[in-house]
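Q: Once you've had a glance at the structure underneath, I'll fire off some questions.
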Amino acid sequence: MIRIDHRISIDERELDERFIRASGPGGQNVNKVSSAVQLRFDVRQSPSLPNDVRMRLERLAGSRLTREGVIVITAQRHRTQERNRADALDRLVELIQRAAVAPIRRRPTRPTAGSRERRIEAKKHRSSIKGMRQREPSVE
């Protein structure tokens, strides 16, 4: 079980890892070793996620989410498969943790009397400055 927070844990069987060849540096090994990891997690079919977290996770995943509702995370920063596996898992856990935090609803507030007064004074001041730029018509 992979612990996300106090109420969410994901079974390791829900994750699918595929090993692919990484692009970038790697020397003589680069074309022989499949060190990059493609981690797949089916968000829509996961029994571990509450509905609200699932909805936020789908929104947060963005382009990493397929049409079928599978999050695909590719890790190829490191040269070893083990470090790439850990990196991909860490990134998935961090994404789910961000989705698990419910956004704080904004409480609508009214401007205070003082702030309204300051706003009107600033507008009057600005108006007088612009008014001074006007040329008076010449009387002949």
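The values are calculated or read from the model by the stated rules, or taken from the named source; none is laboratory data. Quick caveat: nothing in here was measured; it's all calculated off a predicted structure. Positions of Cβ are generated from backbone atoms using ideal geometry, with glycine treated the same way; all protein chains shown enter the neighbour counts. Remember, those area values only see protein heavy atoms, side chains included, never the ligands or the DNA or RNA. Shrake-Rupley method; radii C 1.70, N 1.55, O 1.52, S 1.80 Å.
Q: How would you order 116-122, 126-132 from highest to lowest mean count of nearby Cβ atoms within 10 Å?
A: Working: 116-122: 10.7, 126-132: 8.9.
Descending packing order for the listed peptides: 116-122, 126-132.
Q: Compute the acute angle (0 to 90°) between the alpha-carbon long axis of helix 113-132 and the principal axis of greatest extent of the alpha-carbon atoms of the chain; round to the nearest 10°.
A: 60
Q: Can I ask one more? Once the Cβ-Cβ distance between Arg64 and Ile120 is put in as r, and R0 is 41 Å, what FRET efficiency do you end up with, to the nearest 0.05? Before the final figure, lay out each step's value.
A: Working: r = 49 Å, r/R0 = 1.20.
Result of the calculation: an efficiency of 0.25.
Q: Where does the chain land at 222 nm, in deg cm²/dmol rounded to the nearest 500, when only DSSP H runs of n ≥ 4 count, each adding -39500 (n - 2.57), divided by all residues? All intermediate terms of the calculation are to be shown ahead of the outcome.
A: Details: 3 runs with 51 residues, N = 140.
That calculation yields -12000 deg cm²/dmol at 222 nm.
Q: Here is a further query. With a Förster radius of 25 Å, plug the Cβ-Cβ distance of Ser34 and Met55 into 1/(1 + (r/R0)^6) and report the FRET value to the nearest 0.05.
A: Values: r = 34 Å, r/R0 = 1.37.
So the FRET efficiency works out to roughly 0.15.
Q: While we're on this one: Report the paramagnetic label zone for Asp5: residues of the range 86-121 whose backbone N is under 18 Å from a point 7 Å from Cα along the Cα-to-Cβ axis.
A: The answer is 90-106.
Q: Run the accessible area of the range 47-114 with a 1.4 Å probe and give the carbon-and-sulfur part as a rounded percent. Intermediate values should be presented prior to the final figure.
A: Working: 2460 of 4900 Å².
C and S atoms contribute 50 percent here.
Q: Further, regarding this structure: To test your reading of the geometry: what angle, between 0 and 90 degrees and rounded to tens, separates the Cα axis of helix 81-100 from the longest principal axis of the chain?
A: 40
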